[in-house]
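The values are calculated or read from the model by the stated rules, or taken from the named source; none is laboratory data. Every value quoted in this text rests on a predicted model; they were computed, and no experiment measured them. Glycine gets a Cβ as well: all are built from the backbone with ideal geometry, and neighbour counts include every protein chain shown.
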Amino acid sequence: MSLASNRTSSSDEPQPAATATAAQTANERPQYGPPPAQGHGHRGPMRPGTGSTEKAISFGPSLRRLIGHLRPHRFAIIGVIVMTILGTALSAMGPAILGRATDLIFDAAVRDRVPIDFVAVGRVLLIALAVYLGYFLLSAISAYVINSVVQLSVYRMRQQVSEKIIRLPLSYFDAQPRGELLSRVTNDVDNISQTLQQTLSQILNNIFTLISVVAMMFVVSWQLAIVALVTIPIAMGLTVFIGKRSQVLFAKTWKSTGELNAQVEEAYSGHELVTVFGRRREVRAHFAAKNQELYEASFGAQFISGIIMPVMFFVGNLNYVVIAVFGGLMVTSGTLGIGAIQAFVQYSRQFTHPITGLASMANLLQSGIASAERVFQVLDAPEQSADRTGALPERIEGRVTFENVDFGYSPDAPLIENLSLVADPGSTIAIVGPTGAGKTTLVNLILRFYELQGGRIAIDGVDIASVPRRDLRSHIGMVLQDTWLFGGTVRDNIAYGRAGATPDEVEAAARASYADHFIRTLPDGYDTVINDEATNLSAGEKQLLTIARAFLSEPDILILDEATSSVDTRTEVLVQKAMNRLRADRTSFVIAHRLSTIRDADVILVMENGSIVEQGDHEQLLAAHGAYARLYRSQFAAAAVTEEPLVPAEAFETPEGERWNARMES
Amino acid sequence: MMRLLAQYLRPYLPQLTAVVLLQLTQAIASLFLPTLNAAIIDDGIATGNTGTIWRLGGVMLLVSFAQISAQIAAIWFGARAAMGFGRDLREALFEHGLEFSAQEVGRFGAPTLITRNTNDVQQVQMLVLMTATMIVSAPLTAIGGILMALREDVGLSWIILAAVILLGGVIGMLIAQMGPLFGTLQLRIDTINRVLREQITGLRVIRAFTREASEAERFDIANIELTDTATRAGRRMAMMFPSVFIVLNLSSVAVVWFGAFRIADGNLEVGQLTAYLAYLAQILMSVMMSTMMLMIAPRAAVSAARIREVLTTGSTVAPPRNPVVPATRTGVLEMREVGFTYPGAASPVLDGISFTAHPGTTTAIIGSTGSGKTTLVNLIPRLYDVTSGSVALDGVDVRELDPDVLWGRIGLVPQRPYLFSGTVASNLRMGDPEASDADLWRALEIAQARDFVERMPHGLDAPIAQGGSNVSGGQRQRLAIARALVRRPSIYIFDDSFSALDVSTDAALRAALAREVSDATVVTVAQRVSTIRDADQIVVLDAGRVAGVGTHDELLESCPTYDEIVDSQFRPEDEEVNA
């Protein structure tokens, strides 16, 4: 996280630690690849990523916007700036004061050969002590404040993204891989917090240190200061020169790392296939090539970025010699004290650091801004349309009408055109059709997960687009094939159906949906905690829980998606019974896969390629010998026909039609 | 960690030796600099001797140049060694992981294996790099600095000692407090990740049940906890540098004060005092560098342990030392009293399973969730090895066969029909790299995939995203079936491979398959009775045991478990509900 252990950077620290900053700075980019699954290890300070190759698109505006996020803390930040100015000024004064003490000693002991005035030296040193303590307090307090400001800012940023997710239309999530979005909330926000944490304190610190050091040099001796300043352009030029090269190499490193990560992921995701299809050799060779690429790029990046500090150190020494030569001449000519030289030496040491510091901040900021832009992209994504203020009747009968509905997931690819249908209160509407015919789309529209392109959907005559989404959805219950349970107790998961449900109500709902029995066989009954992947429940049991959840919500309108497979047979009977009971007296839309459900439905909607090709009940549709009849034969009779060709398909239509029972007697 | 480092750094011993020597040179050179500085002041500036200043300045630049040359060379060798170490370790991990059986992959889980292969290696690699390029010189500089300082003046050495102890103590205390905080932080981040992940996957449910408010609250709790921990850890971090500088500055003041007395006594020169201050800074910075090591090392150690865990896990499926070549190649598959128990599990997943699958016939395996169907078929290509009994192909135990020979004869369509990133063609050619386009189209046709592949923008060269996420579930299954068909194996394994197909496609596909693979041995796992009714032999599994073997009709007569399965899927339950 932002407080990665080995963050080191300060304007006036010696070169080795600062090298660490440069190296890590470049490495601490979020990983935009697949979401790391393991808690540990993936968020160390050396976390590489592929996305870092993305250049900040609009650096200036994004930077301003990021700074805008700190607005609520502007007073604290102003305080920090004041403290930083004072602190750097104090820290810059330190060497000068120590130098004065040295002067006193030197003048007495060396030049004048008189006893040292310890009282005077002591007085000067006490001032130095006070100055250093002041510096310590100021720097500690401002670091403390910055930490709080940054943490609070990223807290708000995460919160904003979380709130935004609630307001985004579902279509946004269709286009966005889940891992990618997660990465923005965690990795990118982290990266922003690291960037802010470091840059807030360091940029100010470096700038003020540079200014105050230069100022102090002029105070001590303006002639020497001018001489010393000659090295500034050299230092800056070298930093920029090396920095540019290392940045290219780092970008390459991240790209290679991302690609390698993808390869490893793929090899493990398809591990059994790689094995059984005998592809190990090829996969290995592929990996080795990428791995070598990564090695070369990362070596280059580390080497180039590593030499910045030694080079700066050399420039510093060059500076020292120049100062010594000129200073020596000045001392000889009596224009300068020996203490001033000593102070100057210390200043010259201090002053290449802020320059390199600023260079590495620029790097860091670039990465932080890239992350900020990715977060801003989420925050700026178009939201679903604002809720209107209409209202549904107090008591809902449950008449659902589609009136000339047009819809497509993207406007240029219409999926549903001019669809009209009426679902009477309490009726069951079975939606059938081949895979991909658009059955789920109908459900999405009723819940208003997506907006229509034309026509309207009404409940009891009220256009669902005219009422707040919450109100609409509070009347609709839903059981999807894809059961969604969260990490919590069984009770919590059922209670999810209705806020504020009592334990008794939860258990009643569980009983109504045939879930009570199996729940009581769980180790802790209703208080059994469902783990992350819900591996402690079977697929059928999960479905029962989601049915219980729907029961609890007491919906007027129901949406059911029958499971096609993967439910063990005994539980399936229960699921089926529970769904039937849930359906009773409610207007229900069922994406149906079971013969019984379809046959009992009041209306069967046969969908093909997004449009409803037939409507009617079972009998009518079979008699029509259209799409339904074809589908029916292939779906529910195919196996039977090949197995027992003597039984005509019409056998299904006999009133009791339980051919399935008949075969038991055969 | 040490063992891992020792093993994988051995090839880089020359580079590392060079690093140590160069860093030693560098440290010595850098220790000379303050002495030269002092000499310039004492002998040059103080005496007003410009010639001496020039001479000493020249020497100083030479020393300085030597120092940075050594340092740059050390970084070069260090980066070579560290990055090479990382590369080798990644390769070793990857190759080791490839040899794993499904059991090891399943035990670790693919995500953590991926993390270990890249991120964990990076942590250790970074430790090596930092050590080689910076940290290794820290103790050298510190010791050298102390020696040089003692050479300048022994009388002030107690200040150095006190400062080192004070600094070590303060930093040690901060790190000790940060350690557990970082651990907690990790957990908090995991939590926020989990909550958000749940919220995104359950978006429809959340909206349908209008629970946005309670979800926002759940996220906020996780967010607050994360912020809280991060803030507390951050405060410790914030104290680090101010602490280092106050110790450094206080001891500088002490050096000047007590140095003044030594100068008054004639035991010290002023230039020496300046040099002393420089050494002091050097020593304390070295101490700080060493403590930095203390901060990275625990993290890297955890990573190293995670890496070693993978490397020391042997594959439960080892290739035979002397592979047996079967006398015939007909494709007769036999299960002989097969049993399988997961390591450490109390009860077996499979127990005493026997049946024979002949070429030209289809064997279907059916049973409720958790009855061991997938495990059973995975024993054939040795994704797992039996724990009792044996699986034999053409009369030879699969464990005796050359794995390449064994796999060459199997066409597997796994439960999760994974597709690799690339193109339709590159996925199909996994089955047979030599296959012609015509072969591919034929396989697609049988798999009922020709139509949609033809409709894709580039046909066979249409891009496939990782995992096949850009095609629908049904299309994915059909492509996976086509991939197995391209291989033309003698044994087909379909593990619930028709579940995402609507039943008419399913029927057409099975009819085409029946024609195509008429002389192969087909083993198919199914959930739906309708998919397997026409199988030559149906094996009914119940809790890892065979509940019955026979044709559909035979089983209806003889096997109550089968009857129950058929019942649940076909009998209209309205009677039951009404009853």
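Listed by position, the helices (runs of 4 or more DSSP H) inside the range A:12-114 whose residues that are of a type outside the set (Val, Ile, Thr) and modelled with pLDDT of 50 or more number at least 2 are A:59-68, A:74-106. Of the residues making up the range B:145-166, one or more are aliphatic (A, V, I, L, M), over 30 Å from A:PHE299 (Cα atoms), touching a residue at least 12 places away in the same chain (Cβ under 8 Å) and not in a helix (DSSP H, G or I). Within the range A:158-175, can you find the residues that are assigned to a helix (DSSP H, G or I), among the hydrophobic types (A, V, I, L, M, F, W, C) and more than 7 Å from chain B (Cβ to nearest Cβ)? Listed by number, the residues that qualify are A:VAL161, A:ALA175. When residues of the range B:164-180 are filtered for being at pLDDT 80 or above and buried (at least 20 other Cβ atoms within 10 Å of the Cβ), how many remain? Qualifying residue count, the range B:164-180: 2.
Within the range B:413-466, the set of residues being more than 10 Å from chain A (Cβ to nearest Cβ) and in contact with a Ser or Thr (Cβ under 8 Å, 6 or more places away or on another chain) comprises B:GLN448, B:HIS458, B:LEU460, B:ASP461, B:ALA462, B:PRO463, B:ILE464. Is it the case that the range B:198-212 has a residue that's crowded, with 17+ Cβ neighbours inside 10 Å and either closer than 30 Å to B:ALA275 by Cα or small (Gly, Ala, Ser) (or both)? Yes.
Note on the range B:213-233: residues that are at the interface with chain A (Cβ under 7 Å from one of its Cβ atoms), aliphatic (A, V, I, L, M) and buried (at least 19 other Cβ atoms within 10 Å of the Cβ) total 2.
Testing B:LEU93 on (1) at the interface with another protein chain (Cβ under 7 Å from one of its Cβ atoms); (2) surrounded by fewer than 24 Cβ atoms within 10 Å (Cβ to Cβ); (3) under 23 Å from A:ALA289 (Cβ atoms), one condition comes back false. Which one is that? Of everything listed in (1) at the interface with another protein chain (Cβ under 7 Å from one of its Cβ atoms); (2) surrounded by fewer than 24 Cβ atoms within 10 Å (Cβ to Cβ); (3) under 23 Å from A:ALA289 (Cβ atoms), B:LEU93 misses just condition (1).
Name the residue that is nearest to the chain's Cα centre (by Cα), counting only residues in the range B:360-373 that are buried (at least 18 other Cβ atoms within 10 Å of the Cβ) and closer than 21 Å to B:SER490 by Cβ. It comes out as B:ILE365. The residue that is modelled with the lowest pLDDT, counting only those in the range A:568-578 that are touching a Gly at 6+ places or on another chain (Cβ under 7 Å) and facing chain B (nearest Cβ under 7 Å), is A:ASP568.
Could you please find all residues in the range B:63-90 being in contact (Cβ under 8 Å) with a residue 40 or more places away in the chain, under 19 Å from A:ASN291 (Cα atoms) and in contact with a Phe, Trp or Tyr (Cβ under 7 Å, 6 or more places away or on another chain)? Within the range B:63-90, B:ALA79, B:ARG80, B:ALA81, B:MET83, B:GLY84, B:PHE85, B:ASP88, B:LEU89 meet the criteria.
Residue check: A:SER298 meets all listed conditions (1) crowded, with 22+ Cβ neighbours inside 10 Å; (2) under 28 Å from B:PHE108 (Cα atoms); (3) in contact (Cβ under 8 Å) with a residue 12 or more places away in the chain but one, namely (2). All of A:ASN261, A:ASN317 fail the test of being assigned to a helix (DSSP H, G or I), modelled with pLDDT under 80 and either among the charged types (D, E, K, R) or closer than 30 Å to B:ARG416 by Cα (or both), apart from A:ASN261.
Quick check, is A:ARG456 among the basic types (Lys, Arg) and under 17 Å from A:ILE559 (Cβ atoms)? Spell out how you get there, then give the answer.
Numbers: among the basic types (Lys, Arg): yes; under 17 Å from A:ILE559 (Cβ atoms): no.
It is false that A:ARG456 is among the basic types (Lys, Arg) and under 17 Å from A:ILE559 (Cβ atoms).
Just to be sure, is A:ARG581 part of a helix (DSSP H, G or I) and either modelled with pLDDT of 80 or more or over 31 Å from the mean Cα position of the chain (by Cα) (or both)? The answer is yes for A:ARG581. Every condition in (1) over 22 Å from A:GLU296 (Cβ atoms); (2) in contact (Cβ under 8 Å) with a residue 12 or more places away in the chain; (3) more than 9 Å from chain A (Cβ to nearest Cβ) holds for B:GLN15 except the one numbered (1). Residue pairs whose Cβ atoms lie under 9 Å apart, sitting 6 or more positions apart in sequence or on different chains, and linking a residue in the range A:516-532 that is surrounded by 11 or more Cβ atoms within 10 Å (Cβ to Cβ) to a partner that is at pLDDT below 80 and β-branched (Val, Ile, Thr), are A:PHE518/A:THR571. Just one of the numbered conditions (1) modelled with pLDDT of 85 or more; (2) part of a helix (DSSP H, G or I); (3) buried (at least 17 other Cβ atoms within 10 Å of the Cβ); (4) within 29 Å of the chain's Cα centre (by Cα) is not true of B:ALA443: (4). For the condition surrounded by fewer than 19 Cβ atoms within 10 Å (Cβ to Cβ), facing chain B (nearest Cβ under 8 Å), assigned to a helix (DSSP H, G or I) and out of contact with any strand residue (DSSP E or B) (no Cβ under 6 Å at 6 or more places or on another chain), A:ALA267 does not qualify. For the range A:141-157, the criterion of a residue being within 9 Å of chain B (Cβ to nearest Cβ), buried (at least 21 other Cβ atoms within 10 Å of the Cβ) and without any contact (Cβ under 8 Å) to a residue 40 or more places away in the chain is satisfied by no position. Looking at the range B:502-516, is at least one residue more than 10 Å from chain A (Cβ to nearest Cβ) and touching a Ser or Thr at 6+ places or on another chain (Cβ under 6 Å)? The answer is no, given that none of the residues of the range B:502-516 is more than 10 Å from chain A (Cβ to nearest Cβ) and touching a Ser or Thr at 6+ places or on another chain (Cβ under 6 Å). Picking from residues in the range A:248-284 that are under 30 Å from the mean Cα position of the chain (by Cα) and of a type in the set (A, V, I, L, M), the one that is nearest to A:ALA297 (Cα to Cα) is A:LEU249.
Before we move on, is A:VAL131 assigned to a helix (DSSP H, G or I), modelled with pLDDT of 90 or more and within 12 Å of chain B (Cβ to nearest Cβ)?
Yes: the conditions hold for A:VAL131.
Of the residues making up the range B:236-287, just one is aromatic (Phe, Trp, Tyr), at the interface with chain A (Cβ under 7 Å from one of its Cβ atoms) and more than 30 Å from B:PRO180 (Cβ to Cβ), namely B:TRP257.
Taken over the range A:300-314, the criterion of being polar (S, T, N, Q) and at pLDDT below 80 is satisfied by A:SER305 alone. The one condition from (1) of a type in the set (A, V, I, L, M); (2) more than 7 Å from chain B (Cβ to nearest Cβ); (3) under 19 Å from B:SER421 (Cβ atoms); (4) crowded, with 20+ Cβ neighbours inside 10 Å that A:MET309 does not meet is (3).
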